[in-house]
């Protein structure tokens with residue numbers, strides 16, 4: 001098996017580690033809240049420390065600073081617009097409603113929009129990981145560990161939110177397996193096209209769309225839920241841990 005394909009499969013499996021953690025802890029409310037706080041920290045730091053710098057690097061090959069800024073902003077707005085549009089087709093939810101049904105619908109909603117962003121992000125990362133295996137196999141292994149680390153909390157939040165919404169363990173596991181394969185899809189796309197269509201600018205735009213999706217999720221989905229949480233200690237520790245995950249993966 002091609003080493004690049006193998007590594008994209010391994011990265012996807014990290015998402016399932018998050019699924020195992022949730023089910024081993026019996027999906028209690030503290031774990032759900034904690035995973036949401038971790039996901040918030042991961043998404044904010046991922047946007048600032050990884051995606052924006054990567055976009056700047058990709059666009060700077062051909063464009064000057066002013067145009068790079070414009071491309072980042074415009075592609076991000078596309079990502080925000082996509083999730084805002086999809087919002088109309090996703091079950092209604094109300095973050096401020098404290099009834100069990102409303103809370104369940106809100107968590108299910110977060111799970112859906114987070115999945116959309118994670119799938120697109122994983123496809124892009126799968127392409128990048130596959131490309132790295134060609135240039136530097138040692139770097140590719142380190143990159144695999146780094147990507148995998150921030151996939152664990154995302155696997156936790158999506159598992160807990162989906163399971164809370166449908167109460168079907170098998171369906172939730174199958175859904176997470178599907179999401180975990182998105183990195184593999186990215187790797188396969190890269191090897192099939194071999195850079196013919198996937199240029200720096202195309203990757204930059206895709207990253208910009210992902211950035212917009214992440215901004216939408218942590219601002220309009222996760223933040224309202226975190227504000228409603230009563231345990232301040234859980235909020236602070238969860239968010240800090242999410243940031244640490246990205247910092248560690250960045251160092252690796």
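Quick look at the numbers
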{"quantity": "Relative contact order (%) - criterion: Cα under 8 Å, at least six apart; region: the chain", "calculated": "45"}
{"quantity": "CD proxy at 222 nm, helix term only [per DSSP H run n ≥ 4: -39500 (n - 2.57); per residue of the chain; nearest 500]", "calculated": "-27500 deg cm²/dmol"}
{"quantity": "Angle in degrees between helix 65-86 and the longest Cα principal axis of the chain, rounded to the nearest 10", "calculated": "40"}
{"quantity": "Gain upon complete extension [residue 6, residue 248; 0.36 nm per residue less C-alpha separation]", "calculated": "84.8 nm"}
{"quantity": "Folded to 0 to 90 degrees: helix 100-135 orientation relative to the chain principal axis, Cα", "calculated": "20"}
{"quantity": "Mean Cβ neighbour count within 10 Å, used as a protection proxy, ranking 111-118, 57-64 highest first", "calculated": "111-118, 57-64"}
{"quantity": "Potential lengthening between residue 61 and residue 202 on full extension [0.36 nm per residue; Cα-Cα distance subtracted]", "calculated": "49.5 nm"}
{"quantity": "Stokes-Einstein D for region 1-44, Kirkwood Rh over Cα pairs, 37 °C, 0.692 mPa s (µm²/s)", "calculated": "273"}
{"quantity": "Extension gain (nm, one decimal) between residue 49 and residue 70, 0.36 nm per residue minus Cα-Cα", "calculated": "5.7 nm"}
{"quantity": "Projected area, mean over directions - region 3-251, Cα convex hull, nm²", "calculated": "13.1"}
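Throughout, read-outs are computed from the coordinates displayed, never taken from laboratory work. If you're wondering where the values come from, they're calculated on a predicted model, not measured in any experiment. All Cβ positions, glycine included, derive from the backbone under ideal geometry; neighbour counts span all protein chains shown.
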